[in-house]
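Trainee: Here it is, the structure in full.
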């Protein structure tokens, strides 16, 4: 009953990310750009500056 | 001395008997008010058991006979067993209140729809009003919404969750939603081939599983678009 990705140690969040990437990759170009932008906006990566 | 001890013993015995009589009187009162099924004879017990003790009232049963009545008869006043009853009938099916949203857009907000078909990790099923409450997790697939007039609208959903509440409200939260005309079949097919080759070339377990997820999502896309 356990999903194969769960057994391999992946979380549902990761599963969801990969599925969303797959869907975005299959979108038509005019929709793909804004979908990618929207998806990126949920995460902001800030690299700490070395002082 | 010894005589005093005997007297105090007799007094305590008498006190015990009096207490038992009071208890028995109470218990027999219960007995008279309880109609034991199949034991009509038992109702006559108080009348039969003490014909000669009219002076001391109706309840001077010897202790042994009291206990022989059984646990059911000796129901102490105030300690009633909870009344048994049937479960309440299920509420009449109300309208389904359907909410369908992704992080970027709201497609339905408390809308009244007839049926929603969802693809979940534990199988695809259709949800009508008065569906049993459940929490499910979605897998890549097509969500079909049947409006009140019967028209069906399809959306491809990448993943997410669905909640069916007892009041027939349904919340479908999806990661990525795309109507089928936003998706490109040729791109989906080429992505599927790419994912299959990635699966074959995966170096370790995690990469293999991730590629497998990609393959399944791409397969669902191709299946939905064909």
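Just so you know, all these numbers are worked out from the coordinates, no wet-lab data involved. Just so you know, these numbers come straight off a predicted model, no measurement behind them. Virtual Cβ from ideal backbone geometry, glycine too; neighbours counted across all protein chains shown.
Trainee: Run the quick spin-label model on residue B:146 and residue B:204: label points 7 Å from Cα toward the beta carbon, then report their separation in nm to one decimal.
Mentor: Label-label distance for residue B:146 and residue B:204, simple model: 4.8 nm.
Trainee: Averaged over peptide B:118-128, how many Cβ atoms belonging to another chain are found within 10 Å of each residue's Cβ?
Mentor: For peptide B:118-128, the averaged partner shielding equals 1.
Trainee: For peptide B:133-146, compute the average count of partner chain beta-carbon atoms within 10 Å of each residue's beta-carbon.
Mentor: Average per residue, whole number: 1.
Trainee: Could you work out how much longer the chain between residue B:193 and residue B:122 gets when fully extended? Use 0.36 nm per residue separation minus the Cα distance between them, nm to one decimal.
Mentor: Extra length available between residue B:193 and residue B:122 comes to 22.9 nm.
Trainee: Run the helix sum for chain A: -39,500 (n - 2.57) per DSSP H stretch of 4+ residues, divided by residue count, reported at 222 nm to the nearest 500 deg cm²/dmol.
Mentor: After summing the helix terms and dividing by the residues of chain A, the value is -17500 deg cm²/dmol.
Trainee: In segment B:135-173, whose amide N lies under 16 Å from the spot 7 Å out along Cα-to-Cβ of residue B:101? List them in ranges.
Mentor: Taking a point 7 Å out along Cα→Cβ of residue B:101, the residues of segment B:135-173 whose backbone N falls under 16 Å are B:160-164, B:169-173.
Trainee: Beta carbons within 10 angstrom, averaged per residue: use that to sort the peptides B:154-162, A:27-35, highest first.
Mentor: B:154-162, A:27-35
Trainee: Could you sort B:111-117, B:207-213 so that the peptide with the highest average Cβ count within 10 Å comes first and the rest follow in order?
Mentor: B:207-213, B:111-117
Trainee: For each of B:182, A:1, count neighbouring Cβ atoms within 10 Å of the residue's Cβ, then give the residues from fewest to most.
Mentor: By the 10 Å Cβ count, ascending, the order reads A:1, B:182.
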